[in-house]
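Bear in mind that the values in this text are calculations on the coordinates, not laboratory data. All figures in this text were calculated on a predicted structure; none of them were measured in a lab. Every residue, glycine among them, receives a Cβ derived from its backbone with ideal geometry; neighbour counts consider all protein chains shown.
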Amino acid sequence: MKLTRLWLFGLLGIFGLMLIIGNPGPVQADEKDFYVVTVEPKWTAKKGEAPVVGRTGAKVKKIERYAFIPGSIVVNVDDVVNLHIHDIKGSKHIIEIPAFGVKGELINRGEEKTISFVADKAGAFKMKCSNHLDLTKEGPMEMYIYVVDR
Ligand SMILES: [Cu+2]
């Protein structure tokens, strides 16, 4: 009888320890801030230099692209992400992040706008400017958002 009680208390103690050690509680999501600028790198071929080649492979006198700096960010699932985007180059940018419901956020030259979202799923996603979508508009202007599990 005493041996049975001893076993019982021992088992209860082990279960209690498993509950305490095995359950660290909810994972705390972080709030992460990124300071992003818009840029417009460009190059014009000078006399005597090799011609500049555009993305289509054609020789052109001048190339230019709109881009975000940084070009990519890494966050964890469930983080609150605050992108502080400063339009330094380009008369206007229209920010879209389809994966996280960000749509039509207009930023005019000189403005800084904060766009926030919860990164509620893992994967690789694009932030793009719908004013500079493709080669005909000096794009695609994109930033890549990598969301990783904790
Ligand atoms: Cu743009």
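This table checks each residue for (1) within 13 Å of the ligand (Cβ to nearest atom); (2) farther than 22 Å from Trp43 by Cα; (3) loosely packed, with under 15 Cβ neighbours inside 10 Å.
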| site | (1), (2), (3) |
| --- | --- |
| Asp79 | no, yes, no |
| Ile85 | yes, yes, no |
| Asn108 | yes, yes, yes |
| Ile115 | no, yes, no |
| Ala119 | no, yes, no |
| Gly123 | no, yes, yes |
| Pro140 | yes, no, no |
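I'd like to verify a number: residues in segment 87-102 that are aliphatic (A, V, I, L, M) and near the ligand (Cβ under 10 Å from one of its atoms), how many?
Result for segment 87-102: 2.
For Asp33, are the conditions met, namely being in contact with a strand residue (DSSP E or B) (Cβ under 8 Å, 6 or more places away or on another chain) and touching a residue at least 60 places away in the same chain (Cβ under 8 Å)? Steps first, answer last, please.
Working: in contact with a strand residue (DSSP E or B) (Cβ under 8 Å, 6 or more places away or on another chain): yes; touching a residue at least 60 places away in the same chain (Cβ under 8 Å): no.
No; evaluated as a whole, the condition is false for this residue.
Which numbered condition trips up Leu133, out of (1) within 16 Å of the ligand (Cβ to nearest atom); (2) hydrophobic (A, V, I, L, M, F, W, C); (3) in contact (Cβ under 8 Å) with a residue 12 or more places away in the chain?
For Leu133, the exception is condition (3).
Does any residue of segment 39-55 turn out to be within 13 Å of the ligand (Cβ to nearest atom), surrounded by 12 or more Cβ atoms within 10 Å (Cβ to Cβ) and under 30 Å from Arg150 (Cα atoms)?
no
Can you tell me which residue within segment 59-76, out of those that are under 17 Å from the mean Cα position of the chain (by Cα) and of a type in the set (A, V, I, L, M), is nearest to the ligand (Cβ to nearest atom)?
Among residues in segment 59-76 that are under 17 Å from the mean Cα position of the chain (by Cα) and of a type in the set (A, V, I, L, M), the one nearest to the ligand (Cβ to nearest atom) is Ala67.
Taking segment 74-101 as the region of interest, how many residues are closer than 18 Å to Ser130 by Cα and not in a strand (DSSP E or B)?
Selection size over segment 74-101: 9.
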